[in-house]
Amino acid sequence: MHIFTKSKHLKAHLNLIKDPGNIGFVPTMGALHKGHLSLIDISLKQNKTTIVSIFVNPTQFNNKEDLNKYPRDLQKDLSLLENFNDQIIIFCPSPGELYGSSVTSESFNFGGIENEMEGAFRPGHFDGVGTVLSLFFNLIQPRNAYFGEKDFQQLQIIKKLVEIKKFDINIIGCPIYREPNGLAFSSRNARLSTESRNSADFIYRILKQAKENFGTKNAIQITEECTKAFHNHHSFDLEYFIIAEVDTLKAASEIKSSKKYRAFIAAFIEGVRLIDNIALN
Ligand code: PAF
């Protein structure tokens, strides 16, 4: 397994690769789980070389406590990646190595989608994501980059980033990987007690309920019902339940048959913020 912490060493290694036009990139913030491994599997099938970054990006956290509490266990991550042997390259730089002396965000205009949902509740979050991915994309110059649909808004933002900065990279959205009870895999799940992990399947149950009712009830009715269900559940503190059109990510009041919609949830359980979403049509 090749592990690099310095950009220049990674770059030197990439220069030796025979087919540099065939690099797949899986960016992660570590605390790896089966969802990440599924992205790596897809990249391995589609590219000669796969690079996995492990980097908890400080600029995308608007809340210092959230950044400090973000789970980190590099040794465990590396042991999970051992099975891939020489098939993957791991890049785990320090903030100074990646950003240089100024660990700050660039400011982006993603056409408004950065202000919805996560953007509204986590100011500056997508500037941080856009900044760190620009640094990675410039350094690695992958052909394909892989992202889970759990962070659907992030996926749409990254597609815009690639347009704005004219990166010649395919952004590939991959299906949400779920626990048997339906809870979406997330690094944050590591902070949940067994009890909360079991009851967090509620999020997916509500999303499935929204999907079942889509078409027979309108978006406002579904939103009211799902919001109420959360308020009646003693373990959850709901931040938002929104049905949105996938291009604008604005809450939908009327449904057009020509458009695609998703339901999105952000909720706290035991102080841990979880997000999830489902395609409605
Ligand atoms: O989804 C994540 O883990 C992060 O936002 C990403 C894409 C690795 C950027 O830091």
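The values are calculated or read from the model by the stated rules, or taken from the named source; none is laboratory data. Treat the numbers as computed from the prediction; the structure is a model and nothing was measured. For neighbour counting, all protein chains shown are included, and Cβ atoms are generated from backbone atoms with ideal geometry for every residue, glycine included. Only protein heavy atoms, including side chains, enter the accessible area calculation; ligands, DNA and RNA are left aside. Shrake-Rupley method; radii C 1.70, N 1.55, O 1.52, S 1.80 Å.
Between HIS2 and ARG205, the FRET efficiency from the beta-carbon distance, with R0 = 35 Å, is close to 0.25. Under 5 Å from the amide H of MET29 lie the amide H atoms of PHE55, each residue being 5 or more positions distant or on a separate chain, with H modelled from the backbone and absent for Pro and chain starts. Available extension along the chain between LYS45 and ASP66 is 4.1 nm, counting 0.36 nm per residue and deducting the alpha carbon span.
By how many degrees, between 0 and 90 and to the nearest 10, does the Cα long axis of helix 34-46 differ from the longest principal axis of the chain? Between helix and principal axis, roughly 60 degrees. The GNM of the chain, with springs linking C-alpha atoms under 10 angstrom apart, assigns the highest mean-square fluctuation among GLU82, GLU114, GLU239 to GLU82. For a straight C-alpha distance cut-off of 16 angstrom, the lysines reachable from LYS256 (same-chain residues fewer than eight places away being disregarded) are LYS211, LYS217. Rounded to the nearest 10 degrees, the angle from helix 152-164 to the longest Cα principal axis of the chain is 50 degrees.
Report the local net charge at ASP73: Lys and Arg +1, Asp and Glu -1, summed over other residues whose C-beta lies under 15 Å from its C-beta.
Values: positive: LYS69, ARG72, LYS76, ARG188, ARG191; negative: ASP77, GLU82.
Here the count lands on +3.
Only Cα pairs under 8 Å and at least 6 apart count here; give the relative contact order of the chain as a rounded whole percent. Show your work: numbers first, answer last.
Numbers: 456 pairs, mean separation 48.9, N = 281.
This gives 17 percent for the chain.
For the chain, the pair-distance distribution built from all alpha carbon pairs, in bins 10 Å wide starting at 0, is 6, 28, 36, 22, 8, 1 percent.
For the chain, what is the accessible area per residue in Å² when the probe is 1.4 Å?
Numbers: 13460 Å² over 281 residues.
Value returned for the chain: 48 Å² of accessible area per residue.
Compared with the alpha-carbon gap, the fully stretched path from GLU195 to LYS228 is longer by 9.7 nm at 0.36 nm per residue. Which angle from 0 to 90°, rounded to the nearest 10, does the C-alpha axis of helix 7-16 make with the longest principal axis of the chain? Between helix and principal axis, roughly 70 degrees. Under 16 Å of direct C-alpha separation, and excluding same-chain neighbours fewer than eight residues apart, LYS45 reaches these aspartates and glutamates: ASP19, ASP86. Of all aspartates and glutamates in the structure, the ones whose alpha carbon falls short of 15 Å from that of LYS228, not counting any fewer than 8 places away in one chain, are ASP237, GLU239.
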